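Structure first, commentary second.
What follows is calculated from the coordinates using simple rules that are stated; it is not laboratory data. Computed from a prediction, not measured in an experiment: that's the story for all the values here. FYI the Cβ positions are ideal-geometry reconstructions off the backbone, even for glycines, and counts take in every protein chain you see.
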Amino acid sequence: MSLSKPRVVSHDRFARIVFGDGRHADFHWIWLRHECALDRHPSTGERTLCSSRIAPDLRAHYAWIDGDALHVRWAGERADRAASRYPLGWLREHAYAPDRDDVEPARTLAELETTLASDEALLPPDWPERLARDGALIARHPTGITGPEHTERLIDQIAAEGLAVITTHFGRIEDLRTDNTTNQNTDQLGYTDAPIDLHTDQPFLDAPPRYQLLHAIRPADEGGESLVSDAHRAARWLAQHDVETYRVLTTTPVRFHRKQKAFERLFTGPILDARSDRFQVRLSPFTMAPHRLPFAEMDAWYRAYARFVRLVEESAVRTTLRAGDVLLYDNHRMLHARTGFRGARWVRGVYFDRGAR
């Protein structure tokens, strides 16, 4: 086996040591600081630093490998303090996360979008594969496909892959516009010009529709940007980096309650359903009923929820859907949002799933 020079890759909360044989191991900064040999008694070798005295968000100022050891200078410590030193053999011996696979980076806008040269095919030919892989795709149409007949053509193209339109309490096709006259139960945020935070649609149903198509007919005069974020990726990150937050989000019952003038539904379940055979996220800040949790669990719930929302907000893709553009996403995996706007914005929405219900 050919050997290469060992190296260290510094991350926000941990260091990755890549050994000469190509294998790697991850070590949290706080763990490394706690194991520093400078904080042991010179005669007995016993540790003299309690980990409770180390800031939990401690970071390295600089980390490097020299010879056969990792060296670290710590942020916030005296400049004249010697660097911490960790022999690579010792690190390999005590590696608690060897060859760990980290979560892949979030998809970028450039990776999600594609531009179609004509309106012969309204979605790219590989759209089913892209939807399964990335959770969302954006089809740009410079020629403009802005008539209701184009929405029907999109429906036909999606139906050809075995997906059926799901009619909801809004109707078969939603006309998301402030002057709506075509849908029922329009007394909700989607039919206003207000901003809408990241959410999934229909979390108050026992079985929310799996996919949604958004077909932009007319953009807003100002604002009205669309956002999407991969909740599945965020959940996997939490499972690897923050198991307590992950536990709270996968076990705490949340009540989603939609109550309108002529429609009402209630569903109770966790934000994340991550059973081995499926993944589904339910999140909708504007349809959450008052939480009913034991007193000792309420603070932990709010902390976990805020942590998750920060993650999905930080990795969200933001774009403006121009006239004719199409956004198709997995409603069980992706969160979507909209910024506030001014003007006559018009987007058509259609839900799909495997087989009509």
For the stretch 7-93, what's the relative contact order in percent, using C-alpha pairs closer than 8 Å and at least 6 residues apart? 23
Can you list the HN-Hα couplings for the stretch 161-178, worked out from phi with the Karplus curve (6.51, -1.76, 1.60; θ = phi - 60°), rounded to whole Hz and with x for Gly and Pro? 9, x, 9, 10, 5, 9, 7, 10, 5, 8, x, 6, 10, 8, 9, 7, 7, 6
One would report the Cα pair-distance distribution of the stretch 206-260, bin width 10 Å, in %, as 15, 29, 34, 19, 3
If you take the Cα atoms of the stretch 198-357, find Rg, then find the Kirkwood Rh from the mean of 1/r over all pairs, what is Rg/Rh? 0.98
Net charge over other residues, Cβ less than 14 angstrom from the Cβ of G343 (K, R count +1; D, E count -1): +1
In whole Å, what three semi-axes, largest first, describe the equivalent ellipsoid of the stretch 7-93 built from its Cα gyration tensor (square root of 5 times each eigenvalue)? 21, 16, 12
Relative contact order of the stretch 109-354 (C-alpha contacts under 8 Å, at least 6 apart) in percent is 37
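Could you sort 15-24, 80-89, 28-37 so that the peptide with the highest average Cβ count within 10 Å comes first and the rest follow in order?
Values: 15-24: 16.2, 80-89: 14.4, 28-37: 18.0.
By packing density, highest mean first, the sequence is 28-37, 15-24, 80-89.
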Using the alpha-carbon atoms, what tilt in degrees (0 to 90, nearest 10) does helix 231-241 show relative to the longest principal axis of the chain? 20
Whole-Hz couplings from phi, Karplus 6.51/-1.76/1.60, listed for the stretch 79-93; x for Gly and Pro: 5, 8, 6, 5, 5, 5, 10, 9, x, 5, x, 5, 5, 5, 4
Given contacts defined as C-alpha pairs under 8 Å and at least six residues apart, what's the relative contact order of the stretch 231-351, whole-number percent? 28
May I ask you to order 182-191, 95-104, 195-204 by the average number of other C-beta atoms within 10 Å around their residues, highest value first? 195-204, 182-191, 95-104
Reduced Cα scattering model of the chain, Debye log10 I(q)/I(0), q = 0.13, 0.14 Å⁻¹: -1.03, -1.12
Highest GNM mean-square fluctuation, the chain, Cα pairs closer than 10 Å: which of H241, H169, H41? H41
